[in-house]
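What follows is one structure encoded as structure tokens, with my remarks underneath.
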Amino acid sequence: MKIGVIGAGAFGTALAMTLASRHSVLLWARDNAQVAAMESDRSNTARLPGLGFPDRLTPTADLALASRADVVLLAVPMQQLRSVLVAHRGALDGPALVACCKGMELGTGLGPVAVIAQELPGRVVALMTGPSFADDIARGLPTALTLACADPEQGRLLQGTLNTATMRLYRSTDVTGAELGGALKNVMAIACGAVIGSELGLSARAALMTRGFAEMVRLALALGAQAETLSGLSGFGDLALTCTSDQSRNYRLGLTLGRGLPFDPAITVEGAATARAVDALARERHLDLPIVKSVVALLDRTHSVPDIMASLLARPLKEE
């Protein structure tokens, strides 16, 4: 079995490394210099320092070559996914596709599977998502993820192919719920980071996580997803991990905002774009998502963390 991984960031590289324990894997990067360095060092030193590549992992700058595989994983940033699909539509028209990015597209509010469906209509596409840090996967530490595919039989085949000794996959047919869980937890992680960065305490963070999860479920139900999906790995599991660790870029962004410090604009933070996409969707559908709205205000620096927290605490009292 041959696997192609499109995107040599930390997560794409980690997935390629664990899958190479079972399959021949081609890892694509657009930068020829990065590919040359990975070939020479047999590692992705810039993203996962100190971790060498398995023998069956081959870096390449040739996307057409990487796409001549049985399964192709798309591990590019959410806001770049459509442009990659458009630029390489012909090469990607054959293999089974698995989206491995999290977020909602600015302008459309669509998740990764929906974007792929627009650009490559008629294809069966799956989504791999859940609580996972790239370093853990690359080191072979135990990880459990959701593999969501609307086609149950294709989902079973992909589950059997992509499951490894250290990365356990659980199937779901609720693609919308899995997309939303992976996207929305990033927004909540920014909020939780801001709480800790502002020294508002662990109790406040726990409350924010809980009420943030309620917002995630509210939006998911409004978009036709199943509430139980959000209670699984792709929702609650990912929320618990991302909102409590500074390994998360979204959480780190929140920390810097809470401390009033600048954040490196070169670092991709999916939750920032997703917050704006979700806020627009919520206004369009008349949904009450106060934490999402607050994160957008924090990102735009129109309100401070103390002002936002005071506003949230002053909301009308109600049943949980």
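Bear in mind these aren't lab numbers, they're just calculated from the coordinates by the rules spelled out. Worth saying up front: this structure is predicted, and the values here are computed from it rather than measured. With ideal geometry, Cβ positions are generated from the backbone for all residues, glycine too; neighbour counts draw on all protein chains shown.
Here are the numbers:
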read-out	value
Alpha carbon Rg of region 194-256, scaled by the compact-globule rule 2.2 N^0.38 Å	1.18
Principal-axis tilt of helix 270-285 within the chain, Cα atoms, nearest 10 degrees	60 degrees
Total formal charge among the other residues, if their Cβ is under 12 angstrom from that of ALA191, Lys/Arg +1 and Asp/Glu -1	+3
Positive minus negative residues near VAL295 (Lys, Arg vs Asp, Glu; Cβ under 11 Å)	-1
Per-q log10 I(q)/I(0), region 267-320, q = 0.15, 0.21 Å⁻¹ (Debye; single scatterer per alpha-carbon; no solvent)	-0.47, -0.85
222 nm mean residue ellipticity, helices alone, for the chain (DSSP H n ≥ 4; -39,500 (n - 2.57); rounded to 500)	-14500 deg cm²/dmol
Hull volume in cubic angstrom per residue (convex hull over the Cα atoms of region 144-186)	57 Å³
Cubic angstrom per residue, convex hull over Cα atoms of region 182-313	95 Å³
Segment ASP246-VAL86, extension gain: residue separation times 0.36 nm, minus the distance between their alpha carbons	54.2 nm
DSSP-defined beta bridges in the chain - what % are antiparallel, rounded to 5	15 percent
Gain upon complete extension [THR268, ARG156; 0.36 nm per residue less C-alpha separation]	37.1 nm
In the chain, lysine pairs with alpha-carbon atoms under 29 angstrom apart (chain gap of 8 or more, or interchain)	6
Efficiency of FRET between ARG315 and ALA207 - r from beta-carbon atoms, R0 22 angstrom, step 0.05	0.95
Length gained when the stretch ASP70-ALA36 is fully extended (0.36 nm per residue, less Cα-Cα span)	9.8 nm
Spread of Cα-to-Cα distances over 5 Å intervals beginning at zero, given as percent, for region 1-126	2, 12, 23, 24, 18, 12, 6, 2, 0
Order of TYR170, TYR251 under a 10 Å beta carbon neighbour criterion, fewest first	TYR170, TYR251
Over region 49-194: Kirkwood hydrodynamic radius from C-alpha pairwise inverse distances, Å	16.1 Å
Two-site FRET efficiency, LEU120 against GLU199, from Cβ-Cβ distance with R₀ of 56 Å, rounded to 0.05	0.75
Rg [Å, one decimal], Dmax [Å, integer] - the chain, C-alpha atoms	19.3, 61
Gap separating the Cα centres of region 19-72 and region 254-268, nearest whole Å	30 Å
³J(HN,Hα) computed for each position of region 194-205 - Karplus, 6.51 cos²θ - 1.76 cosθ + 1.60, integer Hz, glycine/proline x	5, 4, 6, x, 8, 6, 8, x, 5, 5, 5, 5
